[in-house]
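Read-outs throughout are calculated quantities, based only on the coordinates presented, and are distinct from any laboratory measurement. Since this is a predicted model, take the numbers as computed values, not measurements. Cβ sites come from the backbone with ideal geometry, for glycine too, and all protein chains shown count toward neighbours.
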Amino acid sequence: MPSPHCPAGRLAGAPALAPLALAAILAPLLLGWISVAPNRLVSPRAASLPGSAPVLAALVLFHLSGLVLLLAAWRPRPFWLAEAAAIGAVLALAATVGLGTAAALPAGSTVARAAPAAGAWLGLLLLALALAAAAVVRGGTPALPLLGALLGLAALGAAGVFDSLSLAREMAGRAADLRGAIAGHLGLSLASLLLALLVAVPLSALAFVRPRLEGAFLAIASGIQVVPSIALFGLLIAPLAALATAFPALRAMGLGGIGPAPAVIGIAAYLVLPLAGGILSGLRVAPDDLLEAARGQGLSPRGVLLGVRLPLGAGVMLGALRLASVQAVGLSTLAALVGGGGLGTLVFQGIGQLATDLILLGVFPILALSLAVDAGLALLARRVAP
Amino acid sequence: MIAFEAVSHRYGAVEALREVSLEVPSGALCVLLGESGSGKSTLLRTVNRLVEPSAGRVTLQGRDVAAIDPQALRRGIGYVIQSVGLFPHRSVAENVATVPRLLGWDRARIEARVDALLAMVGLEPRAYRDRPPATLSGGQAQRVGLARALAADPPVLLMDEPFSALDPGTRRELQAALRRIHAETGKTILLVTHDVEEALALASRVAVMAGGRLVAEGVPAEVFGPGAPDVVRRMVRAGALAFHRLAALDAAAAAAPGPAPGAPLLPAGARLSDALLLMLEHGTGCLALEGDPPRHLTVAGLLGHSAP
Ligand SMILES: Nc1ncnc2c1ncn2[C@@H]1O[C@H](COP(=O)(O)OP(=O)(O)OP(=O)(O)O)[C@@H](O)[C@H]1O
Ligand SMILES: [Mg+2]
């Protein structure tokens, strides 16, 4: 992540912003806003945007935001203008699509389905990229503004703007499933993170006092990193199933070859390396002469650890925790493959049924969760280690 | 009193100290002088047990330091290093308060002590108390380092090249501050340097090290006398030993009673080296000494006094 006021960041973000903004404005115009299908079995076809007043209002807002974004790309003052314009464009685009589909669907039809067309999807994607580029220009992380955009979308959804979209209908039909999947996903991520911390903290402490062990630990941890995650889950199935058979008490506790256990263990195995590496480098941030001065003043080993090493290393350690947490949220998607639940269940069901809406129903909350985790820990890190 | 008794230390194959025996009297400002790698820092660090000698022992007021808990020992000894090592996440005041806080002093006492110390090292307390160390110049940082070392009023101060990283002007300022603090507090100070001028400006005693051994020890005028060891001759510019010796002698001791009307005025406390430079500057062989009763210094007096 570029540090605040990093000039390299400015150079990296600024040239990308203008073409991204331009393409985002043109994409829906050229590739279509909405698509409509008479029922679920027929593939949807692009439809023209109805000319009702609310649709036109949203359309005007979209183009206005797009223009402001272009201007902000050319001269980024004030620094938040580009990001605000991009968020505005995202919301206006989504509103255009939502209101447009509501007007385009035949009244009273329950089988007809409407969805954003390729142009609208592409526009949203390009705007998200523009948002990230603008965050880089500002010298910050894009997680917070992206999260803001998602919250805005959620507010529009709550207001009923997207009710006609097939995605919203899918969601309404599966509200209970979705809630369960989100809770399961959070549980999986948190459990893997805690398990990984439980291993990484003592491991890095040991490697810290016995540097000769560090090489061995890191070799093992990076060895695991090379195994594809699904293969690792698969590898865990046999031994865990054997364990559960041998010790029925373990089975009663929920451990088994399939289910959340192999998923949590497998995900945790991936998180150990970034966590242990981060803790270890955090412990080593304090320079030798500072440690010597601390010892010379009469600080105990404990005092050196708590008063010097940890405060100076907190930024690095929190950075590692942030990376691992985001990874945990992402990897938890794969838990569904071994029957572990979570939002991956919706995604893989959707893939199996070729139901795009179902896939998206799983993907959007995953995206929102990882953005929220990333932004939350970034804020915490800024507070703890400015 | 600090006493080293046949102290030896090896780092693996490197013999850093070879049977060093040295006594530093209470209230002395003893300068450890020597070339790089001669073992000065290692010897200094045996006092606060940052280095445990492989053989021999170190005593403080007659007590073997090896018998004292290292943390308690260090809290009773001020320690100043070249890189200062202020805690970057703490304010100046918190840095200075490190040891008093470890000793459990109450807040009011710590605050009063911090302000008194900042004033003592020449920093206006109100302006510096809350500054983060990153905003200090090198000289200001080392003043804070000195204040931190003095915080709990330890009887002994260990200083490892405290002023080596500073520019000459700032270095002289801090040397003057240290001389003043030494005179006011009477602490026993052991200071490491490889700068001969610094040694002469500060030392009440000089100990010279080479290759892990103590090669000379005594008052500065003795150590810089004709019998000076080769290391000392190597450390001063060729032929300049005699001039450096002048810097170890007080001008007042070579003066004769009686006024010298019209002669340039030599400030009180000046050394013979200052007197010689003043004579060269004015092209005269006679100086008037500042102070009462009137005294004067002649070239003959200077030469007579500096002759070994
Ligand atoms: N931690 C260490 N491990 C191994 N060898 C060391 C260590 N510290 C010092 N030495 C060696 O011990 C010898 C004496 O080192 P010391 O630091 O006491 O010298 P010094 O006189 O303080 O030198 P300088 O003026 O450069 O600071 C040197 O040869 C040095 O290389
Ligand atoms: Mg040294």
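Compute log10 of I(q)/I(0) for chain A with the Debye formula, placing one identical point scatterer on every Cα and leaving out solvent, at q = 0.06, 0.13, 0.14 Å⁻¹, to two decimals.
Taken in order of the listed q values, log10 I(q)/I(0) reads -0.31, -1.15, -1.23.
When only Cα pairs under 8 Å and 6 or more residues apart are kept, what is the percent relative contact order across chain A?
Numbers: 592 pairs, mean separation 64.2, N = 386.
It comes to 17 percent, rounded to a whole number.
According to a simple spin-label model (label point 7 Å from Cα along Cα-to-Cβ), what is the distance in nm between residue A:246 and residue A:305?
In this crude spin-label approximation the distance works out to 3.4 nm.
Let me know the mean shielding of B:68-75 by other chains, meaning the per-residue number of their Cβ atoms within 10 Å of its Cβ. Numbers along the way, then the final one.
Numbers: counts 0, 2, 3, 7, 1, 1, 6, 3.
What the average comes to for B:68-75 is 3.
What is the gain in length, in nm to one decimal, between residue B:72 and residue B:112 on full extension, counting 0.36 nm per residue of separation less the C-alpha to C-alpha distance?
Length gained between residue B:72 and residue B:112: 12.1 nm.
Hey, if you put +1 on the Cβ of every Lys and Arg and -1 on every Asp and Glu Cβ in the range A:68-206, which of A:202, A:175, A:107 ends up farthest toward the positive end of that dipole?
The listed residue farthest towards the positive side: A:202.
Using the alpha-carbon atoms, what tilt in degrees (0 to 90, nearest 10) does helix A:356-384 show relative to the longest principal axis of chain A?
With rounding to tens, the tilt is 50 degrees.
Given a Förster distance of 30 angstrom, what is the FRET efficiency for residue A:194 paired with residue A:383, based on the Cβ-Cβ distance and rounded to 0.05? Walk me through the numbers on the way to the answer.
On the way: r = 22 Å, r/R0 = 0.75.
So the FRET efficiency works out to roughly 0.85.
Shape of the protein assembly as shown from its Cα gyration tensor (a ≥ b ≥ c, root eigenvalues): rounded if a/c is under 1.5, otherwise prolate when a/b > b/c, or oblate? Don't skip to the end; give the middle numbers.
Values: a/c = 4.00, a/b = 2.28, b/c = 1.76.
Prolate, because a/c is 1.5 or more and a/b exceeds b/c.
Looking only at the protein assembly as shown, where both bridge partners belong to it, what percent of the DSSP beta bridges are antiparallel (to the nearest 5)? List each step's numbers first, then the result.
Values: 33 of 56 bridges.
Just about 60 percent of them are antiparallel.
Counting helices only, and only those DSSP H runs with n ≥ 4, report the 222 nm mean residue ellipticity of chain A as the sum of -39,500 (n - 2.57) divided by its residues, in deg cm²/dmol to the nearest 500. The partial results should precede the final answer.
Numbers: 16 runs with 287 residues, N = 386.
When only DSSP H runs of four or more count, the value is -25000 deg cm²/dmol.
Using Cα-Cα distances under 8 Å and only pairs 6 or more residues apart, what relative contact order does the range A:232-386 have, in percent?
Details: 188 pairs, mean separation 35.9, N = 155.
Computed value for the range A:232-386: 23 percent relative contact order.
If you fit an axis through the alpha-carbon atoms of helix A:143-158 and take the longest principal axis of the Cα set of chain A, what angle between them do you get, 0 to 90°, nearest 10?
40 degrees
If you consider only alpha-carbon coordinates, what radius of gyration and Dmax does the range B:249-306 have, in Å?
9.7, 25
Mean separation of Cα pairs under 8 Å and 6+ residues apart, divided by the residue count of the range B:78-154: what relative contact order is that in percent? Can you show the working numbers first?
On the way: 85 pairs, mean separation 38.8, N = 77.
Contact order relative to length: 50 percent.
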